Amino acid sequence: MNHRKITTREEELAKEIVDAAYLVHKQLGPGLLEKIYEVCFCHELSKKGIHTRRQVPVPILYDGITFDEGLRLDVLVEDLIVCELKAVENANPVWKAQIISHLRLTGKRLGFLINFNVSLIKEGIQRIII
């Protein structure tokens with residue numbers, strides 16, 4: 001397991017990610033489709049000069065073979081932080097396992113699980129470090 005500390009840059013980006021989620025939630029509120037939050041979230045980050053990629057394909061290496069079977073990251077921020085976005089009423093514990101798997105598969109350390117379908121966005125943000 002990789003035990004390096006989270007860098008200053010990752011911490012700076014983490015703050016901007018949380019701020020962007022707050023801004024989007026404040027403007028749109030809960031109840032919309034995930035892809036709407038995704039595009040607005042990325043727009044907020046881009047306004048700050050932060051590069052994002054949406055729906056990033058992740059190949060799976062298994063038994064010495066690479067499979068391209070449709071695994072996608074919702075948002076990859078500055079090629080450092082994985083953001084999994086949701087817009088659902090009830091949280092599912094498997095989502096945390098999902099983002100941990102995404103972090104392991106990509107070699108990233110820091111990720112966010114953000115559910116926009118909550119009354120208060122602070123209840124919908126989970127920071128995950130592996």
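Selection over the range 68-82 of residues that are at negative phi, part of a loop (DSSP other than H, G, I, E, B) and acidic (Asp, Glu) gives a count of 2. Taking the conditions exactly as written (surrounded by fewer than 16 Cβ atoms within 10 Å (Cβ to Cβ) and assigned to a strand (DSSP E or B)), does Gln27 satisfy them or not? Spelling it out, it is not the case that Gln27 is surrounded by fewer than 16 Cβ atoms within 10 Å (Cβ to Cβ) and assigned to a strand (DSSP E or B).
Mind telling me which of the residues Ile81, Ile60, Ile6 ends up being at pLDDT 95 or above, hydrophobic (A, V, I, L, M, F, W, C) and touching a Leu at 6+ places or on another chain (Cβ under 8 Å)? Let's see the steps before the verdict.
Details: Ile60 fails: at pLDDT 95 or above; Ile6 fails: at pLDDT 95 or above.
Criteria check complete, one pass: Ile81.
Candidates in the range 83-130 are the residues that are among the β-branched types (Val, Ile, Thr) and part of a strand (DSSP E or B); of these, the one that is nearest to Thr52 (Cα to Cα) is Ile114.
For beta carbons closer than 7 Å, sequence separation of 6+ or different chains, a first residue in the range 20-39 that is within 17 Å of Thr52 (Cβ to Cβ) and a second that is aromatic (Phe, Trp, Tyr) and assigned to a helix (DSSP H, G or I), the qualifying pairs are Ala20/Phe41; Ala21/Phe41; Val24/Tyr37; Val24/Phe41. Just give me the residues in the range 44-59 being surrounded by fewer than 16 Cβ atoms within 10 Å (Cβ to Cβ) and in a strand (DSSP E or B), in sequence order. Correct list: Arg53, Gln55, Pro57.
The values are calculated or read from the model by the stated rules, or taken from the named source; none is laboratory data. Computed from a prediction, not measured in an experiment: that's the story for all the values here. With ideal geometry, Cβ positions are generated from the backbone for all residues, glycine too; neighbour counts draw on all protein chains shown.
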